[in-house]
Amino acid sequence: MEFELIGQEANREPMERYMKNKFPFLGVKSPDRKLQEREVLKESRNWDTANLILEIQALYQKPEREYQYVAIDLAQRNYQRFSLAELNALLVLVDQKAWWDTVDSWRKVFASYAIKFPEHKLAIFSWFFQNESMWLRRISIIFQLTEKETLDTEMLTKAIEADQFTNEFFLQKAIGWALRNYSKVNPGWVGDFIATHQLSNLAQREASKYLDN
């Protein structure tokens, strides 16, 4: 696939600075990227999944950050078409060029698949749970972020307790975020969890946001 994004030089430096200068950017803001990738995403529905995965992998290796976003958008657009093995083939990309922006977007891909195919939810969770990669463990914590009645509290508890005492900011933030979101659905459970677990100040502050109101 021949696909190139066209960025604006004026956007490049501010975007790189926002991401702590960890990655080079072309200067394509999100709304413009979505316009530029629209036809590719549409066409991708006609690609066989083997070629689709190859295209996702190829885009992910490009240096500019926006291409990683396009790769993830392709995965998100087509996740329902993947077998569990094909989805697992994308797992290696999560820890490449990893930062919160791509990791949290990958979370949506894997979580969407688990919601669509709940019989595979536990298997997918196991790919992230207690992984040696901090970024994959972050996904285990926020894996069920958008779920309500279907959220598995035992799964969430396991993920949080595995990193309850870590000093890693992105994991503590994830703990608070996961609990805060679920408190909108089940404030009693989250309140009890906070009361029975020693959480960091960051995690507790985030988790309690809606409980304190």
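Select from ALA159, TRP127, PHE170 the residue farthest towards the positive end of the dipole of segment 114-175; place +1 on Cβ of Lys and Arg, -1 on Cβ of Asp and Glu, and compute about the Cα centre.
Among ALA159, TRP127, PHE170, the one farthest towards the positive end of the dipole of segment 114-175 is PHE170.
Ignoring ligands, DNA and RNA, what percent of the 1.4 Å accessible area of segment 34-127 is carbon and sulfur? All intermediate terms of the calculation are to be shown ahead of the outcome.
On the way: 2280 of 4180 Å².
After summing per-atom areas, the C and S share lands at 55 percent.
When ligands, DNA and RNA are left out and all protein chains stay put, how many square angstrom of accessible area per residue does segment 3-61 have with a 1.4 Å probe?
Result: 64 Å² per residue.
Mind listing the phi-derived Karplus ³J(HN,Hα) values for segment 41-56, rounded to whole Hz, using 6.51, -1.76 and 1.60 with θ = phi - 60°, and x for any glycine or proline?
5, 5, 5, 4, 5, 9, 7, 6, 5, 5, 5, 4, 4, 4, 5, 4
For the modelled label position 7 Å from the Cα of ALA123 along Cα-to-Cβ, which residues of segment 73-92 have backbone nitrogen atoms closer than 15 Å?
In segment 73-92, the label zone of ALA123 (backbone N under 15 Å from the point 7 Å along Cα→Cβ) covers 80-91.
Can you work out the Karplus-derived ³J(HN,Hα) for every residue in segment 98-108? Use 6.51 cos²θ - 1.76 cosθ + 1.60 with θ = phi - 60°, whole Hz, and x for glycine or proline.
7, 7, 4, 5, 6, 4, 5, 6, 4, 3, 4
Largest first and to the nearest Å, give the Cα extent of segment 1-80 along each principal axis.
Largest to smallest, the principal-axis extents are 37, 22, 21 Å.
Stretched out fully, how many nm does the piece from ARG81 to GLU39 gain, at 0.36 nm a residue minus the Cα gap?
Result: 13.3 nm gained on full extension.
How would segment 32-78 be classified by its alpha-carbon gyration tensor: rounded, prolate or oblate, with rounded meaning a/c under 1.5 and the a/b versus b/c comparison settling the rest?
Details: a/c = 2.26, a/b = 1.16, b/c = 1.94.
Verdict is oblate for segment 32-78.
Taking a probe of 1.4 angstrom, what is the accessible area of LYS97 in Å², to the nearest 10?
Looks like 70 Å² after rounding.
In segment 78-147, which GluC sites (Glu not before Pro) are in a loop and have at most 14 other Cβ atoms within 10 Å, using DSSP for the loop call?
Working: sites: GLU86, GLU119, GLU132, GLU147; in loops: GLU132, GLU147.
Answer by residue number: GLU132.
What is the extension gain from LYS97 to LYS29, computed as 0.36 nm multiplied by their sequence separation minus the C-alpha to C-alpha distance, in nm to one decimal?
On the way: separation 68, 0.36 × 68 = 24.48 nm, distance 1.90 nm.
So the chain would gain 22.6 nm between LYS97 and LYS29.
Of the labelled options (i) 18.0, 57; (ii) 16.8, 55; (iii) 18.2, 55, which one gives Rg and Dmax of the Cα atoms in Å as computed for this structure?
(iii)
How far is it, in nm, from the label point at GLU168 to the one at ALA10 when both lie 7 Å from their Cα along the line to the Cβ?
Once both label points are built, they end up 4.0 nm from each other.
Would you calculate, for the chain, the mean residue ellipticity at 222 nm contributed by helices, counting each DSSP H stretch of 4 or more residues as -39,500 (n - 2.57) and dividing by all residues, to the nearest 500?
Result for the chain, helices only: -19000 deg cm²/dmol.
Using heavy-atom solvent-accessible surface (probe 1.4 Å) with all chains present, what is the largest-first order of ARG77, ARG12, ARG137, ARG33?
Largest accessible area first, the residues go ARG77, ARG12, ARG137, ARG33.
Could you sort TYR210, TYR113 by accessible area so the largest value comes first, with the probe set to 1.4 Å?
Largest to smallest exposure gives the sequence TYR210, TYR113.
If I ignore ligands, DNA and RNA and count only protein heavy atoms, how much of MET134 is accessible to a 1.4 Å probe, in Å² to the nearest 10?
Surface accessible to solvent at MET134 totals approximately 40 Å².
Which lysines have a Cα lying under 26 Å from the Cα of LYS29, excluding residues fewer than 8 positions away in the same chain?
Within the straight-line cut-off, LYS29 pairs with LYS20, LYS42, LYS62, LYS97, LYS108, LYS173.
For segment 161-170, in order, what is each residue's ³J(HN,Hα) by Karplus, 6.51 cos²θ - 1.76 cosθ + 1.60 with θ = phi - 60°, in whole Hz (x at glycine and Pro)?
After applying 6.51 cos²θ - 1.76 cosθ + 1.60, I find 5, 5, 10, 4, 10, 5, 8, 6, 3, 5 Hz.
The values are calculated or read from the model by the stated rules, or taken from the named source; none is laboratory data. None of these values were measured; they are calculated from a predicted model. No Cβ is skipped: glycine too gets one built from the backbone with ideal geometry, and neighbour counts run over all protein chains shown. Just so you know, the surface numbers come from the protein's heavy atoms only, side chains and all, with ligands and any DNA or RNA stripped out. Shrake-Rupley method; radii C 1.70, N 1.55, O 1.52, S 1.80 Å.
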